Each structure stands twice: as structure tokens, then as C-alpha cells.
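Please treat every number below as a calculation from the coordinates, not as lab data. Since we're looking at a predicted model, the values are computed, not measured. Backbone-built Cβ (ideal geometry, glycine too); neighbour counts: all protein chains shown.
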Amino acid sequence: RASLRSSTRVISFFSPKGKSGKTTLISNLAASIAKKTGEPVAILDCDLQFGDMAVFFNLNPQTTLVEAVRDIKFLSPVTLKSYFVDARRNLQVLCGPAKPDLAESVTLDALTQLIHMTRSLYSYVLIDLPSGFSDISATALAKGLSGFSSTTRQPLSAASETRTYSFGMMAATG
């Protein structure tokens with residue numbers, strides 16, 4: 001099993017509806033963290049049907065999150081890293097699938113293993129979740145240390161280790 005970096009920060013981003021600016025926020029925040037800290041930052045595009053991190057960063061991934069979860073039982077942290085695409089210096093993205101119908105192939109167990117292994121590779125992991133409530137969103141929020149929502153100040157997960165903030169609160173306190 002991969003050991004976790006003790007200081008890895010995992011932040012999950014959620015919005016109950018699309019077009020809230022979530023992907024723009026994640027992309028800009030990840031690029032800023034990578035630039036300011038010089039530490040490795042990862043984005044997991046878990047919006048499996050309509051994720052567009054590849055488009056946002058103008059990437060052409062050879063592998064996606066779908067292939068990573070399919071292969072997770074055979075991967076080590078070193079081999080998992082090859083599934084990520086360089087977006088900027090110190091910033092890598094594991095893109096969502098090109099076809100929405102591939103979303104059904106992602107299991108919660110494999111996604112949990114993927115998040116765990118990714119934490120062993122990066123100082124910061126930002127997770128772009130799908131719009132609407134789903135098992136994928138709940139799992140990623142439970143594995144994250146913090147969560148951000150675009151429209152609510154209410155906790156999105158019952159997991160005690162998850163703190164959830166709205167974008168408005170983040171801007172006001174950040």
C-alpha cells in the first residue's frame with residue numbers, strides 16, 4: 001500500500017448545478033498553489049460525464065481517470081503518475097473520459113483507491129466533482145479534507161473530517 005504524505009491537502013469541489021465556475025476556480029487555484037509553493041499539485045477530474053479539464057488546459061491525454069481506475073489494482077504510485085498529464089510546472093491533471101458513457105465503468109472502490117494513491121504522490125490534490133448529488137461526489141468528499149460548494153453553506157458530507165465551505169465564504173475569509 002502506498003503511504004500517505006502526512007501533509008497532503010485534498011480539496012473537493014462540488015456544485016449542485018453546472019456552469020457555476022467550479023472548473024475555472026479549481027484550475028486557477030491549482031495553478032496558483034503550484035506556482036506559489038513549488039510543490040506538486042494534482043487535479044482529479046471526477047466529473048466523469050462532462051468534465052472539461054482537458055479542454056480548459058488544452059490537453060490531449062492518452063489516458064484518463066477511467067483507465068486509471070480500471071488498472072488501479074496493478075498500479076504503484078510511480079506507474080500511476082504516468083496517467084497524469086503535465087498542465088503547468090508542478091501541476092498535473094488526471095483528465096475525465098472523452099465519452100460520457102464511460103462514467104459507468106468507475107467503481108467507488110477503485111475511485112477510493114485512486115484518491116488514496118494520488119495522495120501519496122502530491123502535496124495538494126484538487127478534485128473536480130460532477131454536478132448534482134451522486135455516490136462519486138459523496139465518496140470524494142469523504143476522502144477529502146475540505147470541500148467547497150458554490151451554492152450552500154451546509155455540510156455536504158456527514159464525514160467528520162470533511163469541512164465544507166461556500167465559494168462566498170472562501171472569498172470572504174481567504
With residue 110 itself left out, Lys, Arg at +1 and Asp, Glu at -1 over residues whose Cβ is under 10 Å from its Cβ give 0
Quick calc: nm separation of the 7 Å Cα→Cβ label points for residue 60 and residue 109 -> 3.7 nm
Note on the stretch 33-81: alpha-carbon gyration tensor, axes a ≥ b ≥ c; rule is a/c under 1.5 for rounded, else prolate if a/b larger than b/c, else oblate; result oblate
Quick calc, the stretch 63-128, dipole around Cα centre from Cβ unit charges on Lys, Arg (+) and Asp, Glu (-), nearest 20 debye, gives 300 debye
Per its Cα gyration tensor (rounded if a/c is under 1.5, else prolate when a/b beats b/c, else oblate), the stretch 25-130 is best filed as oblate
